[in-house]
1. For residue 304 and residue 95, FRET efficiency with R0 = 35 Å and r from the beta-carbon atoms, rounded to 0.05?
2. Compare the peptides 117-130, 33-46, 64-77 by average per-residue count of other Cβ atoms within 10 angstrom and give them in order, highest first.
3. For the chain, what relative contact order do you get, as a whole percent, if you take Cα pairs closer than 8 Å and at least 6 residues apart?
4. How big is the gap, in Å, between the Cα center of segment 248-277 and the Cα center of segment 205-229?
5. What percent of all Cα-Cα pairs in segment 22-317 falls in each 5 Å bin, counting up from 0?
6. For residue 147 and residue 104, what does the FRET efficiency come to when R0 = 25 Å and r is the distance between their Cβ atoms, rounded to the nearest 0.05?
7. Beta carbons within 10 angstrom, averaged per residue: use that to sort the peptides 96-106, 220-230, 195-205, highest first.
8. Any chance you could run the full-extension gain for residue 115 through residue 168? It's 0.36 nm times the residue separation minus the Cα-Cα distance, nm to one decimal.
C-alpha cells in the first residue's frame, strides 16, 4: 500500500475525533485573547502567570476528584465546605498535638465525609445530589460551630512551606502538589482496572454490573476520593493563608464542576479526562485573572465569567 493511500486512510479517523480537542483549543483562544488585549497590563508577566497557577491549584486538585465522581455518574456538591472544615480541623489539631497529627486529622475528616456520602448514596439509596447537598450544610455548620466562626492561626513554618506557602526554586509548592495529584489521577483513570470500572459504571451501570463490576463499591470509592482531595485542598488553603477558616472553599463546588465539564467530562457519566479537567480549571483561572486586569467591577466580572463558561460548556458538550 502506498504512502498516499495510508495517509488517506488515516485522515478520516483524525478528523472524526477533532471535537475532543475543543477544550484545549478553547483554552488557547482565551489565553491568546487576554494576551493580546492585556499585553500592556502585565497579563503575560511571569509573576502574574504564577499567580494564576497559585489561585487555581486548589480548584484543580478538587477537579481531579470531581472528574472521578462525574465519570461514575454521580456528583459531589459538598467539596467546597469539606475544604473549609478540613482547614479548621488541621489548624485545631495542629495547635493541640502538632503538625503530623494535624495532617492525619485533615485527611481523616475527608475520609469520614466521603464514607458518609458513599453509604447514604449507595446503601441507603439517596441520590448523590441530595446527599452531598445536605453534607454541604452539615460541613459548613460543623466548621462554624467548632470555633464559633473564628479563624484559627497556623504558626508552624514547616507546615506552611509544605502546604502552600513555599517555593521550590521559581515554582510554588502549590504547583507541585497540583502536578503530582493530576498525574496520579490521570494514570489511575486511564491505566488501571479501577479507572476502567469507574468509566464503565458511569457509562452503563446495568451493563457494568452484569460484567461483574461492583458498581456500589466503585461509587463509594469515588466519593471518598473526592472528599479526601477536597480535604487536601483545604489543607493547602490553610497553609497558603496561614490559618483555618470555615469560609475557605465556599462556592468552589461550582467552579470545580464547571472546570471538569469544560475539560470534557460528561455530567451524565461514562466520560472523564483528568488532563482536560486541569485545562478547564486553568481556563477559569485565566478568565478570572483577565477580567480582573480589564478593570471590570465584581458584578460585571460575574456576568462575563458566567457567559463565557456557558458558551464554552455548550461548545464542549456539543460533541457528546
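1. On the way: r = 41 Å, r/R0 = 1.18.
With a Förster radius of 35 Å, E is 0.25.
2. Working: 117-130: 16.7, 33-46: 13.1, 64-77: 28.6.
Going by the mean number of other Cβ atoms within 10 Å, highest first, we get 64-77, 117-130, 33-46.
3. Numbers: 555 pairs, mean separation 106.0, N = 320.
That works out to 33 percent.
4. So the separation of the two Cα centres works out to 18 Å.
5. Whole-percent P(r) values from 0 Å outward: 1, 6, 12, 16, 18, 17, 14, 10, 5, 2, 0, 0.
6. Details: r = 19 Å, r/R0 = 0.78.
Calculated value: 0.80.
7. Details: 96-106: 16.5, 220-230: 27.0, 195-205: 20.8.
Packing proxy ranking, top to bottom: 220-230, 195-205, 96-106.
8. Values: separation 53, 0.36 × 53 = 19.08 nm, distance 3.47 nm.
Result: 15.6 nm gained on full extension.
FYI, it's all coordinate maths here, none of it is from the lab. Computed from a prediction, not measured in an experiment: that's the story for all the values here. All Cβ positions, glycine included, derive from the backbone under ideal geometry; neighbour counts span all protein chains shown.
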